[in-house]
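Remarks on the structure that follows.
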Amino acid sequence: MENMEQQLTDLQARLQAIEGRAQSNKLSMIVFSGDMDKVLASFVIATGAAAMGMEVVMFFTFWGTPVLRGKGKKAGAKDTMGKMFGAMLPKGTCDVKLSKMNMAGLGTAMMKRLMKKKNVASLEQLLELAGELDVGIYICEMSMDLMGFKREEIIDYPSLTYCGVAKFLEEANDSRIQLFI
Amino acid sequence: MSDAIKADKVLDLKGLPCPMPVVKISKGIKTVEVGQVVEAITSDPGSLADFPAWARTSGNEIMETIQDNGEIRFFVRRKA
């Protein structure tokens, strides 16, 4: 009998440990790409997941970082490399290009027209919707620093946090779905 | 056409492609009480797979699906 009680206590402890490791109904996504099509897919998945009742966190890193620059935002003083990255990389969602068939911007412009005609939500609309649906956005601090981006030039968004890899890993470890786009 | 189910609210989602139908029903269902019914009308064929998936995941119930001339009418009961 005593043995049984001991076994029960052991089992309870093990169950507690397993439950502690169980993942939440959460989606963690890395947005590495700054291509319009891939960012569009990211936001469609993010807003869709939020609609399904999932918690959603998006981590913007490397080429994904400049997608979150605000169109009318000013950055202040930058060094030469920072200026170069600033000038060459897209300034926000309306500035991103297709990964294929861009054709010096013509393809992207055509795609945007087609999306409008077919009623497909634009990146700007999806970003706003993501904010309404409480999608959390994290920005990689190292990418910001590497490319010389300033916080002043990043969009205003309800839930925006600057972070490093550990924050992503913590969230990913607690998520049933993890995506790298 | 079956009109046996009475909807407490109607959502017209015609012309909206993915992901908007699912986003709109998830918002719309929260505007009615638990037990009440929302009728969502879409024209997106993808929603035939998406609405049941959304319902299973979010814990709501698709009571009936009617396809009619390119329109899809979902009767969704709020359960959660």
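Mind counting the residues in segment A:38-53 that are of a type in the set (Gly, Ala, Ser), surrounded by fewer than 20 Cβ atoms within 10 Å (Cβ to Cβ) and more than 10 Å from chain B (Cβ to nearest Cβ)?
Residues that pass the stated criteria total 1.
Condition first: in a helix (DSSP H, G or I), in contact with a helix residue (DSSP H, G or I) (Cβ under 9 Å, 6 or more places away or on another chain) and basic (Lys, Arg). Can you find one or more residues in segment A:61-80 that meet it? Working first, answer last.
The initial filter retains those residues of segment A:61-80 that are in a helix (DSSP H, G or I), namely A:62-68, A:80.
Now drop any that are not in contact with a helix residue (DSSP H, G or I) (Cβ under 9 Å, 6 or more places away or on another chain), which leaves A:62-68.
Still in the list and also basic (Lys, Arg): none.
Looking for residues that are in a helix (DSSP H, G or I), in contact with a helix residue (DSSP H, G or I) (Cβ under 9 Å, 6 or more places away or on another chain) and basic (Lys, Arg), one finds none in segment A:61-80, hence no.
Has segment A:147-154 got any residue that is among the β-branched types (Val, Ile, Thr) and modelled with pLDDT under 95?
Checked segment A:147-154: no residue is among the β-branched types (Val, Ile, Thr) and modelled with pLDDT under 95.
Which condition from (1) among the aliphatic types (A, V, I, L, M); (2) loosely packed, with under 13 Cβ neighbours inside 10 Å; (3) part of a helix (DSSP H, G or I) is the one that A:Met101 breaks?
A:Met101 satisfies all of (1) among the aliphatic types (A, V, I, L, M); (2) loosely packed, with under 13 Cβ neighbours inside 10 Å; (3) part of a helix (DSSP H, G or I) except (3).
Taking the residues in segment B:2-11 that are exposed (fewer than 14 other Cβ atoms within 10 Å of the Cβ) and among the charged types (D, E, K, R) as candidates, determine which candidate is farthest from the other protein chains (Cβ to nearest Cβ).
It comes out as B:Asp3.
Might you let me know whether segment A:73-92 holds any residue that is buried (at least 20 other Cβ atoms within 10 Å of the Cβ) and modelled with pLDDT of 95 or more?
Looking for residues that are buried (at least 20 other Cβ atoms within 10 Å of the Cβ) and modelled with pLDDT of 95 or more, one finds none in segment A:73-92, hence no.
Each row is one residue, and each column tells you yes or no for (1) away from chain B (no Cβ under 14 Å); (2) within 16 Å of the chain's Cα centre (by Cα); (3) surrounded by fewer than 21 Cβ atoms within 10 Å (Cβ to Cβ).
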| residue | (1), (2), (3) |
| --- | --- |
| A:Gln6 | yes, no, yes |
| A:Glu19 | yes, no, yes |
| A:Leu27 | no, yes, no |
| A:Met36 | yes, yes, no |
| A:Glu55 | no, yes, yes |
| A:Val67 | yes, yes, no |
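Filter segment A:112-157 down to residues that are under 30 Å from B:Asp44 (Cβ atoms) and more than 14 Å from chain B (Cβ to nearest Cβ), then give me how many there are.
So the answer is 7.
Which ones in segment B:27-57 are buried (at least 20 other Cβ atoms within 10 Å of the Cβ), within 20 Å of B:Ile5 (Cβ to Cβ) and of a type outside the set (Val, Ile, Thr)?
If the condition is that a residue be buried (at least 20 other Cβ atoms within 10 Å of the Cβ), within 20 Å of B:Ile5 (Cβ to Cβ) and of a type outside the set (Val, Ile, Thr), then B:Glu39, B:Ala40, B:Ser47, B:Phe51, B:Trp54, B:Ala55 are the ones that fit.
Only residues that are in contact with a strand residue (DSSP E or B) (Cβ under 7 Å, 6 or more places away or on another chain) and modelled with pLDDT under 95: list them for segment A:1-40, please.
Within segment A:1-40, A:Gln23, A:Ser24, A:Asn25 meet the criteria.
Out of curiosity, is B:Lys14 within 14 Å of chain A (Cβ to nearest Cβ), more than 25 Å from A:Met54 (Cβ to Cβ) and not polar (S, T, N, Q)?
Yes; evaluated as a whole, the condition is true for this residue.
Need a quick list: strands (runs of 3 or more DSSP E) entirely within chain B having at least 2 residues that are aromatic (Phe, Trp, Tyr).
Filter on chain B gives B:71-77.
Quick check on this structure: which one of A:Met110, A:Met142, A:Met115 is assigned to a helix (DSSP H, G or I) and under 25 Å from A:Lys83 (Cα atoms)?
So the residue among A:Met110, A:Met142, A:Met115 that is assigned to a helix (DSSP H, G or I) and under 25 Å from A:Lys83 (Cα atoms) is A:Met142.
Within segment B:43-51, can one find any residue that is in contact with a Pro (Cβ under 8 Å, 6 or more places away or on another chain) and facing chain A (nearest Cβ under 10 Å)?
Checked segment B:43-51: at least one residue is in contact with a Pro (Cβ under 8 Å, 6 or more places away or on another chain) and facing chain A (nearest Cβ under 10 Å).
The values are calculated or read from the model by the stated rules, or taken from the named source; none is laboratory data. Keep in mind that what you see is a predicted model, and the values were worked out from it rather than measured. Positions of Cβ are backbone-derived with ideal geometry, glycine not excepted, and every protein chain shown enters the neighbour counts.
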